[in-house]
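Take a look at the structure set out below.
The values are calculated or read from the model by the stated rules, or taken from the named source; none is laboratory data. Remember, it's a predicted structure, so these values are computed and weren't measured experimentally. Quick reminder, even Gly has a Cβ in these numbers, built from the backbone with ideal geometry, and neighbours come from all protein chains shown. The accessibility values were calculated without ligands, DNA or RNA, using every heavy atom of the protein model including side chains. Shrake-Rupley method; radii C 1.70, N 1.55, O 1.52, S 1.80 Å.
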Amino acid sequence: MTVSTITLNDGATIPQLGFGVFLVDPADTERIVSDALEIGYRHIDTAAIYGNEEGVGKAIAASGIPRNELFITTKLWNKAQGTQSAYDAIDVSLGKLGLDAVDLYLIHWPSPAQDKYLESWLALEQIKADGKARSIGVSNFQLPHLERIIAGSDTVPAVNQIELHPAFQQRDILNFGAANGIHIEAWGPLGQGKYPLLELPQITEIASAHGKSPAQVVLRWHIQTGTIVFPKSNSRERIAQNFDIFDFELTADQMASIDALDSGKRVGGHPDEVK
Ligand code: NAD
């Protein structure tokens, strides 16, 4: 199975499909990430706040996979925003991961109530210059947040990781990203299981037509939309299923019928409000 790749605006290459570990219990993380690496995933998305960077690091070390074949993302938590606290936070994350550098370091949320995201972005520029992150980006940034850091720094974020699934497609942020060279990573690609996405007839009919599961159809829709995804599951069977999405293609009509499911409803917090 060959996973498609995307070239970021700084020239780095990212596998378009990865494995996310939000809510993976720290005690189970090494085993579950080891399963994902065995299945073939080479891109792991974690965050300081998930509390499981050590488990990710142990799985990486045990895998024996050459470092340059892996793409590892972690994120600066809101409480660590600021200049020195960001420098300290990346060192803590690298220590837990057992790495000299991450492939991608993100500001987790803009947290406008703190008003430190521009300062944090300038710190991430320095972290990249210091070689501790190969690429830098943001997460949950709305258009005004993006515009402010682009105007106030020398670096356009490589990615913006946002909530994105069929009911909540955020086309304005996608279009802004396309116009400015910011690739979109879709968190909650399966809607976090918080609405019956995988039971919608528009999805199950397409799944039957291809002999695939509804989850595979939704993930395939993301891939063909051009977003980067890293679905989470604790189940080895589902982790394998979610990886097996490169041997079929949705038609233009099937893509359009999933595009039409956008209802503008979030399942997660609003980036203007998350502190
Ligand atoms: P998701 O959309 O990946 O949904 C996970 C849920 O889907 C789980 O309950 C799982 O049991 C179920 N599922 C997975 N595979 C399935 C399958 N094949 N069939 C049926 N059900 C299946 O939600 P997520 O984990 O929140 O998002 C993915 C990743 O995005 C996270 O792990 C994390 O890395 C990242 N994330 C980032 C942010 C952020 O603020 N930047 C927020 C949330 C998540």
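Considering each of Asp45, Asp35, Asp28 in turn, give the residue that is charged (D, E, K, R), touching a residue at least 40 places away in the same chain (Cβ under 8 Å) and within 11 Å of the ligand (Cβ to nearest atom). Steps first, answer last, please.
Numbers: Asp35 fails: within 11 Å of the ligand (Cβ to nearest atom); Asp28 fails: within 11 Å of the ligand (Cβ to nearest atom).
Answer to the selection: Asp45.
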Quiz item: Looking at (1) of a type outside the set (Asp, Glu); (2) more than 16 Å from the ligand (Cβ to nearest atom); (3) open to solvent by 30 Å² or more (accessible area, probe 1.4 Å), which is the only condition Ile6 fails?
Solution: (3)
Exercise. Would you point out which residue out of Thr29, Thr83 is open to solvent by less than 10 Å² (accessible area, probe 1.4 Å), of a type in the set (Val, Ile, Thr) and either over 22 Å from Val156 (Cα atoms) or out of contact with any Pro (no Cβ under 8 Å at 6 or more places or on another chain) (or both)?
Key: Thr29
Practice problem: Within region 90-103, identify whether any single residue is closer than 29 Å to His145 by Cα, away from the ligand (no atom under 16 Å from the Cβ), in contact (Cβ under 8 Å) with a residue 40 or more places away in the chain and surrounded by fewer than 19 Cβ atoms within 10 Å (Cβ to Cβ), and answer yes or no. | Solution: yes
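Only one of Lys116, Lys132 is surrounded by 18 or more Cβ atoms within 10 Å (Cβ to Cβ), charged (D, E, K, R), more than 21 Å from the chain's Cα centre (by Cα) and more than 16 Å from the ligand (Cβ to nearest atom); which?
On the way: Lys132 fails: more than 21 Å from the chain's Cα centre (by Cα).
Step by step, each of Lys116, Lys132 is checked, and only Lys116 is surrounded by 18 or more Cβ atoms within 10 Å (Cβ to Cβ), charged (D, E, K, R), more than 21 Å from the chain's Cα centre (by Cα) and more than 16 Å from the ligand (Cβ to nearest atom).
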Exercise. Would you check if Ile60 is assigned to a helix (DSSP H, G or I), of a type in the set (Val, Ile, Thr) and surrounded by fewer than 21 Cβ atoms within 10 Å (Cβ to Cβ)?
Key: no
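Please state which one of Ile245, Ile173, Ile203 is modelled with pLDDT of 95 or more, assigned to a loop (DSSP other than H, G, I, E, B) and of a type outside the set (Ser, Thr, Tyr).
Values: Ile173 fails: assigned to a loop (DSSP other than H, G, I, E, B); Ile203 fails: assigned to a loop (DSSP other than H, G, I, E, B).
Residue meeting the stated conditions: Ile245.
Could you please give the count of residues in region 232-275 that are polar (S, T, N, Q), surrounded by 14 or more Cβ atoms within 10 Å (Cβ to Cβ) and free of Cβ contacts under 8 Å to residues at least 24 places away in the same chain? Step through it out loud before you land on a result.
The first filter runs over region 232-275 and keeps only residues polar (S, T, N, Q), leaving 233-235, 241-242, 251, 254, 257, 263.
From the residues that got through so far, the ones that are surrounded by 14 or more Cβ atoms within 10 Å (Cβ to Cβ) too are 233-234, 241-242, 254, 257.
Next, only the ones that are free of Cβ contacts under 8 Å to residues at least 24 places away in the same chain stay: 233.
Qualifying residue count for the region: 1.
Results for (1) within 15 Å of the ligand (Cβ to nearest atom); (2) among the small types (Gly, Ala, Ser); (3) surrounded by fewer than 19 Cβ atoms within 10 Å (Cβ to Cβ), shown as yes or no for each residue.
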site	(1), (2), (3)
Pro157	yes, no, no
Ala179	no, yes, yes
Leu190	yes, no, no
Pro196	yes, no, yes
Quiz item: Of all residues in region 212-231, which are closer than 30 Å to Pro26 by Cα, in contact (Cβ under 8 Å) with a residue 40 or more places away in the chain and not in a helix (DSSP H, G or I)?
Solution: Thr227, Ile228, Val229, Phe230, Pro231
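Working only within region 231-256, note down all residues that are of a type in the set (Gly, Ala, Ser) and either within 16 Å of the ligand (Cβ to nearest atom) or over 23 Å from Glu163 (Cβ atoms) (or both).
Ser233, Ser235, Ala240, Ala252
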